[in-house]
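Worksheet: the structure to be examined is printed underneath.
Just so it is clear, none of the values below were taken in a lab; they were calculated from the coordinates. The structure presented is a predicted model; accordingly, all values stated were derived computationally and were not measured. All Cβ positions, glycine included, derive from the backbone under ideal geometry; neighbour counts span all protein chains shown.
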Amino acid sequence: MVRTNWAGNIAFEARGVHRPTDVDQVRELVARSERVRALGSGHSFNRIADTTGEQISLAELPPRVQIDADASCVTVAGGLRYGDFADRLHAAGFALPTLGSLPHISVAGAVATGTHGSGVGNRSLAASVSGLEVVTADGELLEIRRGHPDFAGMVVGLGGFGVVTALTLDLVPTFELAQYVYDRLPAEDFAEHAQEILAAGYSVSVFTTWRADQLDQVWVKGPRTPDVPGPRWFGATRADAPRHPVPGMDARHCTTQLGESGPWQHRLPHFRMDFTPSTGRELQSEYFVPRTDVVAAYRALDTIRDRMAPLVQTCEIRTIAAEPLWLSPAAERDSAAFHFTWIDDTPAVLALLPVMEELLSPFATRPHWGKLFTCDAATVRARYDRYADFERLLGRYDPAGKFTNEFLDRYFTRS
Ligand SMILES: Cc1cc2nc3c(=O)[nH]c(=O)nc-3n(C[C@H](O)[C@H](O)[C@H](O)COP(=O)(O)OP(=O)(O)OC[C@H]3O[C@@H](n4cnc5c(N)ncnc54)[C@H](O)[C@@H]3O)c2cc1C
């Protein structure tokens with residue numbers, strides 16, 4: 001039977017998938033394999049999780065969730081999804097500072113590609129990681145913590161260093177947010193006030209379908225204070241009914257809006273854990289630019305609005321604060337990311353991406369590692385200061401290329 005990723009656009013070539021039930025089994029599997037790779041929840045849109053050998057899913061490892069209240073951190077099994085333990089953190093008085101748009105994604109897989117939410121003060125989900133437990137190529141269990149010279153290279157590790165069986169995440173005190181949606185922000189208002197708009201809440205997402213000279217929705221997630229924008233805001237109007245980011249989709253799948261306060265884990269994601277996330281029939285791409293270039297990048301893309309619009313279900317502009325992780329697309333620069341949820345027409349999307357990448361190239365664009373992009377290795381390499389260091393680290397931890405795959409071989413030379 002053909003196994004695919006979540007979106008169904010990638011048929012895995014891997015010979016099979018192992019589902020170990022304890023870490024010792026992971027160690028044995030890795031030690032005896034020539035080619036092997038961790039598979040998370042399969043939410044990536046390219047071949048990053050594939051291998052010519054066998055995949056290892058950690059979904060059946062014991063669901064370890066160890067909260068250390070004194071140290072404000074939690075250690076979780078790598079195969080857990082954020083939605084599996086977020087309520088427990090909240091009940092214990094803790095929170096993660098940021099989450100992606102849906103809670104169904106595995107922690108280890110999200111961290112491996114630099115997955116992020118939004119907020120000018122929020123870094124990626126990987127930035128919360130303070131420790132990793134990794135089964136490396138020889139089958140040994142390596143524990144590595146923040147402060148080790150290799151750590152910042154290994155966190156956003158693209159699955160290249162081994163199988164991450166557990167991660168320790170920094171926690172903050174739990175908090176509440178309320179979510180407001182604003183409709184129809186005129187493009188000229190966005191262009192003039194983009195930095196203010198993107199900083200208008202704890203987490204802000206701006207959505208457009210590129211079908212009109214407007215940004216269709218702005219989602220502002222913030223504490224319910226008098227500072228929340230009023231019902232009219234830069235030419236946009238506060239919505240009086242719940243919205244879905246994709247026009248025409250049922251808003252019941254989305255987290256609670258209309259300003260009703262609730263705990264962080266039920267407001268930061270756009271989609272609810274108990275519903276099929278997003279649209280289900282889609283492809284995705286995402287490009288990161290320096291936050292200061294967000295309007296210039298928007299204008300560059302706007303020149304091909306007519307070509308994008310027929311393929312776009314929705315496009316989301318988010319912000320990510322700079323972080324020190326070598327291969328994070330937000331490495332060392334405050335970023336804005338242009339995310340695209342496409343219709344599931346692979347040939348048409350792959351034909352358009354090079355045009356978009358060319359238009360965005362003046363902004364030293366970095367693509368999301370887990371989504372579709374077509375930039376070549378030289379282009380991506382030029383956009384990261386620590387690329388060569390990452391390659392050296394890959395060569396040192398996995399000299400025989402046990403964890404490599406076609407995707408890693410295309411972008412990295414192990415030295
Ligand atoms: C509907 C939808 C919404 C999304 N929303 C967002 C969003 O809001 N923000 C964002 O940034 N991205 C988003 N993404 C992209 C997604 O977060 C990334 O592609 C992420 O890497 C997927 O994680 P996964 O667990 O499914 O990993 P997979 O796709 O299974 O694997 C991704 C990579 O992680 C590695 N990996 C997985 N598990 C381990 C492990 N235990 N040890 C070592 N390496 C491992 C794999 O080998 C592979 O290299 C979204 C994707 C979908 C489908």
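Which of these, Asp293, Asp70, Asp334, has the largest mean-square fluctuation under a Gaussian network model of the chain (Cα springs below 10 Å)?
Taking springs between Cα atoms under 10 Å, the residue moving most is Asp70.
Between helix 387-397 and the chain, what is the angle of the helix's C-alpha long axis to the longest principal axis, kept within 0 to 90° and rounded to the nearest 10?
Approximately 30 degrees, to the nearest ten.
Give me the extension gain from Asp344 to Arg307: residue separation times 0.36 nm, minus the current Cα-Cα distance, reported in nm with one decimal.
Here the segment from Asp344 to Arg307 would lengthen by 11.8 nm.
Can you tell me the 0 to 90 degree angle between the C-alpha axis of helix 346-360 and the longest principal axis of the chain, rounded to 10?
It is inclined by approximately 70 degrees.
When the dipole is taken about the Cα centre of region 16-57, and only Lys, Arg (+1) and Asp, Glu (-1) are charged at their Cβ, what size is it in debye, to the nearest 20?
In debye, rounded to 20, region 16-57 gives about 140.
Using only the alpha-carbon atoms, how far is helix 23-32 inclined from the longest principal axis of the chain? Give it as 0 to 90 degrees, nearest 10.
It works out to around 70 degrees.
Highest GNM mean-square fluctuation, the chain, Cα pairs closer than 10 Å: which of His244, His270, His368?
Looking only at His244, His270, His368, the biggest GNM fluctuation is shown by His244.
Count the net charge of all other residues whose Cβ sits under 12 Å from the Cβ of Pro269, scoring Lys and Arg as +1 and Asp and Glu as -1.
Net local charge, Pro269 excluded: +3.
Rounded to the nearest Å, what's the spacing between the alpha carbon centres of region 93-166 and region 217-254? Just the number, please.
Computed from Cα coordinates, the inter-centre distance equals 31 Å.
Please work out whether region 176-373 counts as rounded, prolate or oblate from its C-alpha gyration tensor, where a ≥ b ≥ c are the square roots of the eigenvalues and a/c under 1.5 means rounded, while otherwise a/b larger than b/c means prolate and anything else oblate?
Since a/c stays below 1.5, the shape of region 176-373 is classed as rounded.
Which order do peptides 106-115, 120-129, 134-143 fall in by mean Cβ count within 10 Å, highest first?
In decreasing order of mean packing, 106-115, 120-129, 134-143 become 106-115, 120-129, 134-143.
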